[in-house]
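Novice: One structure, as structure tokens, below. Some questions next.
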Amino acid sequence: MDAIEMLTNDHNKVRELFKKFNGGGGITGLVRRTVGSVSSREQQQALQGVCTELEVHTRIEEEVFYPAVTALGDQELGKQVKEALREHATVKQEVSRLQEARAGEPGVDERMADLERDVEHHASEEENEMFPRLEELMSEEERRQLATQMRALKQRRSGSKQAPSGSVGRKKPAPWRAKASGAARARANRQKAGHGRPKKRAQRGAKR
Ligand SMILES: [Fe+2]
């Protein structure tokens, strides 16, 4: 699995948790919401899941993924990372407020709805703009290595003993942090000059 697939899976997992908070998808979810049969317990589990997933997701993006993307030296990707970081700041604030909340309390539904909207906006931008461009500029092998680094950080975050020791959190920078590869820079320069603009790709990952 490469970094793009891994992050898209994370996005889809969070989307599912929001759906669970809202009583599930489709007509069944609508009916459950309308008649108020979504229990506070179910909602609380989903709320905690959303907060935990987003905490880990924003951290692996900020500590591993975005630095690697920025290191490619592509102007468009650089702008997208800056925008993504601004969005993360908002999402993290919303998550920290929700972490202290209990499902069923006044205002929690609205706060979850705001968070869902902001996360969807952020995830869609990444999937439709950042990831397709990254696919053009970073080799599959580099994207796989990135996924390995992100997975290790995730495992460390969840306290798993399976985390490969020393693969993340080392002082030594990963190769792509230090310098984008010559081939990637050449591709970026060609595209800056107006040649070979990347084509839009269909959104990856599971359908929503
Ligand atoms: Fe993301």
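Novice: Test Gln80 against the stated conditions and say whether it is in contact (Cβ under 8 Å) with a residue 40 or more places away in the chain and farther than 18 Å from Leu7 by Cα.
Specialist: For Gln80, the condition - in contact (Cβ under 8 Å) with a residue 40 or more places away in the chain and farther than 18 Å from Leu7 by Cα - is not met.
Novice: Now for a different question. Output the residue which, of all residues in region 1-36 that are in contact with a Gly (Cβ under 7 Å, 6 or more places away or on another chain) and outside any helix (DSSP H, G or I), is modelled with the highest pLDDT.
Specialist: Residue satisfying both the conditions and the ranking: Asn22.
Novice: Do we have Gly23 as farther than 20 Å from Glu129 by Cα, away from the ligand (no atom under 11 Å from the Cβ) and not polar (S, T, N, Q) here? Reasoning before the result, please.
Specialist: On the way: farther than 20 Å from Glu129 by Cα: yes; away from the ligand (no atom under 11 Å from the Cβ): yes; not polar (S, T, N, Q): yes.
Considered against the rule, which asks whether it is farther than 20 Å from Glu129 by Cα, away from the ligand (no atom under 11 Å from the Cβ) and not polar (S, T, N, Q), Gly23 comes out as yes.
Novice: In region 58-69, is there at least one residue being under 20 Å from His121 (Cα atoms), in a helix (DSSP H, G or I) and small (Gly, Ala, Ser)?
Specialist: Taking every residue of region 58-69 in turn, none turns out to be under 20 Å from His121 (Cα atoms), in a helix (DSSP H, G or I) and small (Gly, Ala, Ser).
Novice: So for region 5-18 (the condition being surrounded by 15 or more Cβ atoms within 10 Å (Cβ to Cβ), more than 25 Å from Arg144 (Cα to Cα) and away from the ligand (no atom under 16 Å from the Cβ)), does at least one residue qualify?
Specialist: Scanning region 5-18 turns up no residue that is surrounded by 15 or more Cβ atoms within 10 Å (Cβ to Cβ), more than 25 Å from Arg144 (Cα to Cα) and away from the ligand (no atom under 16 Å from the Cβ).
The values are calculated or read from the model by the stated rules, or taken from the named source; none is laboratory data. The structure displayed is predicted, hence computed values, not measured ones. Cβ sites come from the backbone with ideal geometry, for glycine too, and all protein chains shown count toward neighbours.
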